[in-house]
Structures are given as C-alpha cells and as structure tokens.
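Read the structure below first, then the notes.
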Amino acid sequence: MPDVIKITDFSAPELDIYARFNENQLLHFFEPKEGIFIAESPKVILRALEAGYEPISCLMEEGKVREEEEKVLECCKDIPVYTAKFDVLTRLTGYQLTRGMLCAMHRKKLLDPGNICRQARRIAILEEVVNPTNVGAIFRSAAALGMDGVLLTAGCSNPLYRRAIRVSMGTVFQIPWTFFDTGAWPEKGMEFLRENGFKTVAMALCDNSLDIDDPELAGVKKLAVILGTEGEGLAQKTIAQCDYTVRIPMSHGVDSLNVAAASAVAFWQLGCKNKNRGNERQ
C-alpha cells in the first residue's frame, strides 16, 4: 500500500500543487524540464497511468476508497497519498468536481510532429483555440471519431490543463499530440504538412467552400482538418493557404457552430468514415 498521510490543515505545503499553484506555474514547475499536471477522477488517472505518465502524489477524501480508487492506489504504491476530511478539501478550488481523487503527475517531453504525421492519415490542427473546455471536447471527439493525432499552434490552451483533461475524459492520453514551434504557423506549419503528404482543409465559411460531404474529400489519402479560434475562426492567411475550404450545411439561418461541436461533425465526416472507406477499397 502507498504511504497514506492525513492532512488536517488547508495551509499544509503538500497541498500547494493542488490548491495554490496555477496552471502556468505547474507547467513550468521543473523548468527547464517538463512540468506537472493534475489529473482528476480515478478513471482519468488510470488512463494517464496506462499511457505511461509518472505519478507524483494523490489527494483524496478520507475514507472514500471505492473500487476505482483502489485500482489507482494499487498502481501508485511508491508515492504519498494525502487524505483529508471533506471540510478541508472543499476549500480547494473546484474540489466538488474532482470525483473523489486528484493525482499530480509528471509531464512528458512533447512528441515530434513528424513522428505523429508519418503514419497518420487524418489529423486535426487547432489554431489559437484558447478555451481549455473546447480543447478537451475536441480531443474527445478526435479520439472517438477516427483522427490519428492533433497538432496545436503555440497560442492554444494546453491539453494537459486540468479542465481540458477533465472534459476530454482522459482521451488526451490516448491520442498523440504536440505543439508547433512558436512562430511556425501558418507558413512553416503548412509547408511541414505538405512535405508529409497532407492536403489541408480549412473549416470556414467562404464563397468557395465545399459542403463537408463533398465526394472529392472522401478520396484524399491524407487530410489535415484545421479548426480556428473561438469567435473569429481561422485567420484569413491560413484559409488562403489551404487546399480546401469546407463548411457544414446548417438550417434556420444558423451560420456557425461552436468549435468543439464543429470538430465532432468534421471528424465524423472526414475522419473514421472516410478512413474506413479507404480500407475497404484497399
């Protein structure tokens, strides 16, 4: 069994990474090495462990050990497990949403974009998507609907921020992802995609937009689906450099969807369905 340590004081230094450090501080915690992230709920923690992430410590409510928590504790025998009564834990921001357990974990070194794209046929590109809720929802759709990887521009919210992990239900640990270097997007990023054999699809409303179910798209072997920031969408210079511009047909005068909702539609139509068609043709 792991070393169980009871916490009776909210100011205990052991709680700093859970209660008093913001996401940016956690990201840079071991700088210049990779930082820390907080995984929430036993199911999500187990997914992170299965993906090879190294735990640092756990925090849970005293006496609340159910089957899923026991599985986590069994995998985390060599780390401290902090427990506290509910009235102490409720002073932690968002604790009511932790679903019983938090785990601080080491980040891994970012993947090389080339390693992600080499074998991929369908990838998602996120351009300046800054809301972690949307990032998490996009990852969940990408994992579920046949995308092989996700590349993010430097201005995107980090997929290992606590809220993004929570909304993704841990799928950020199941699909490969990385960031483009700062300043690489769009020019160098587009060149990289072309060099790796990808045609690019801008999800945008333009006069020359194709409907998302256009048969031409089904025959493209390697496709990168590019989604833009909340509100303004993709930058014009990004759209101008894409091979295709695609829209989702809508009713009742609605002209756009939230980026997370749009991603689910796009991945369903351009991701797993078309990959499966391609496998059938082979």
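The values are calculated or read from the model by the stated rules, or taken from the named source; none is laboratory data. In this text, all values refer to a predicted model and were calculated from it rather than measured experimentally. Neighbour counts run over all protein chains shown; Cβ positions are idealised from the backbone, glycine included.
General observations
- Residues of the stretch 1-50 classified as among the polar types (S, T, N, Q) and within 21 Å of Arg166 (Cα to Cα), total: 4
- Subset of the stretch 1-55 that is touching a helix residue (DSSP H, G or I) at 6+ places or on another chain (Cβ under 8 Å) and of a type in the set (Val, Ile, Thr) - its residue that is surrounded by the most Cβ atoms within 10 Å (Cβ to Cβ): Ile45
- Pairs with Cβ under 7 Å, 6+ apart, first in the stretch 68-81 and in the same structural domain as Ile45 (by TED's automatic domain parsing) and in a helix (DSSP H, G or I), second at pLDDT 85 or above and of a type in the set (D, E, K, R): Glu68/Lys43
- Boolean, Val225 is in the same structural domain as Val246 (by TED's automatic domain parsing) and surrounded by 23 or more Cβ atoms within 10 Å (Cβ to Cβ): yes
- Any chance Lys188 is charged (D, E, K, R), at pLDDT 95 or above and surrounded by 15 or more Cβ atoms within 10 Å (Cβ to Cβ): no
- Residues that are among the hydrophobic types (A, V, I, L, M, F, W, C) and touching a strand residue (DSSP E or B) at 6+ places or on another chain (Cβ under 8 Å) within the stretch 191-221 comprise Leu193, Phe198, Val201, Ala202, Met203, Ala204, Leu205, Cys206, Leu210, Ile212, Leu217, Val220, listed in sequence order.
- Residue that is nearest to Glu128 (Cα to Cα), among those in the stretch 140-179 that are part of a strand (DSSP E or B) and not β-branched (Val, Ile, Thr): Leu152
- Output for the stretch 189-241, where each listed residue is part of a loop (DSSP other than H, G, I, E, B) and under 17 Å from Val129 (Cβ atoms): Ala204, Gly228, Glu230, Gly231, Glu232, Leu234, Ala235
- Which numbered condition Val44 misses (of (1) more than 18 Å from Gly100 (Cα to Cα); (2) in contact (Cβ under 8 Å) with a residue 24 or more places away in the chain): (1)
- Ala142 surrounded by 14 or more Cβ atoms within 10 Å (Cβ to Cβ), on the phi < 0 side of the Ramachandran plot and either modelled with pLDDT of 95 or more or assigned by TED's automatic domain parsing to the domain that holds Thr178 (or both): yes
- Filter result for the condition that a residue is among the aromatic types (Phe, Trp, Tyr) and touching a Pro at 6+ places or on another chain (Cβ under 8 Å), over Phe198, Phe192, Phe179, Phe173: Phe192
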